[in-house]
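Below you'll find the structure, written out as structure tokens, and then a few comments.
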Amino acid sequence: MKSLSIIILFTLLCCVNKKEIDINLKRTLIDYQNKFPIPKSHVANNRIYIYTAYFEKDSKDTLLKITRSSNGIDSIFLKKSGGFGIYEDDELRPTILFDNENIANKFILKKIFKIDKKHYKKNNIFIEGITPVHSYKINNGKLVLIKIDTIWQNWDK
């Protein structure tokens, strides 16, 4: 009975420590993904949708920018730009995080380096128009929306 209790406790602890990203970041990503979901036609049109989140410095501020791409991941760009991912679970759609300045340690709790090949860019795929880029300022560990950049009016829906 004692060994069973230890096994159950160990299992619970392993599950609790499985967080890969901060809960505030995850909620922000899911909110964006709900506003700009992956179109149901993505299989038919042979596109590889990936959400991207970039952490960067702007003067004294730390910013997070989120958008969606229909062209998959470029493996060369990923290696040069400090990308991690794919972060994905029951709620979070495929998301890659970029932190080439090492400023997102409070948000990226576990860096993932292995990426399934199904997410890599394929040749001859038409790239959708860019979905609105949401920019957040990081203020005391909170993500505060400061800007929505709408570059294109037509993107995959």
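The values are calculated or read from the model by the stated rules, or taken from the named source; none is laboratory data. Since we're looking at a predicted model, the values are computed, not measured. So basically every Cβ, Gly included, is an ideal-geometry build from the backbone, and we count neighbours across all protein chains shown.
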Here the qualifying pairs (Cβ atoms under 9 Å; residues six or more apart or on different chains; first in segment 98-118 and within 11 Å of GLU20 (Cα to Cα); second polar (S, T, N, Q)) come out as PHE107/ASN24
Per the filter on segment 85-120, residues touching a helix residue (DSSP H, G or I) at 6+ places or on another chain (Cβ under 9 Å) and aromatic (Phe, Trp, Tyr) are TYR87, PHE98, PHE107, TYR120
Being within 20 Å of ASN140 (Cβ to Cβ) and either free of Cβ contacts under 8 Å to residues at least 24 places away in the same chain or among the β-branched types (Val, Ile, Thr) (or both) is the filter here, so list the residues in segment 47-77 that pass it. ASP58, SER59, LYS60, THR62, ILE66
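Residue-wise test of (1) modelled with pLDDT of 65 or more; (2) assigned to a loop (DSSP other than H, G, I, E, B); (3) of a type in the set (A, V, I, L, M, F, W, C); (4) over 11 Å from the mean Cα position of the chain (by Cα).
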| residue | (1), (2), (3), (4) |
| --- | --- |
| LEU4 | no, no, yes, yes |
| THR11 | no, no, no, yes |
| ASN34 | yes, no, no, yes |
| SER41 | yes, no, no, yes |
| TYR54 | yes, no, no, no |
Number of the exception - ASN45 against (1) outside any helix (DSSP H, G or I); (2) at pLDDT 90 or above; (3) of a type in the set (S, T, N, Q): (2)
Could you tell me which residue of segment 68-83 is modelled with the highest pLDDT, considering only residues that are surrounded by fewer than 20 Cβ atoms within 10 Å (Cβ to Cβ) and of a type in the set (S, T, N, Q)? SER69
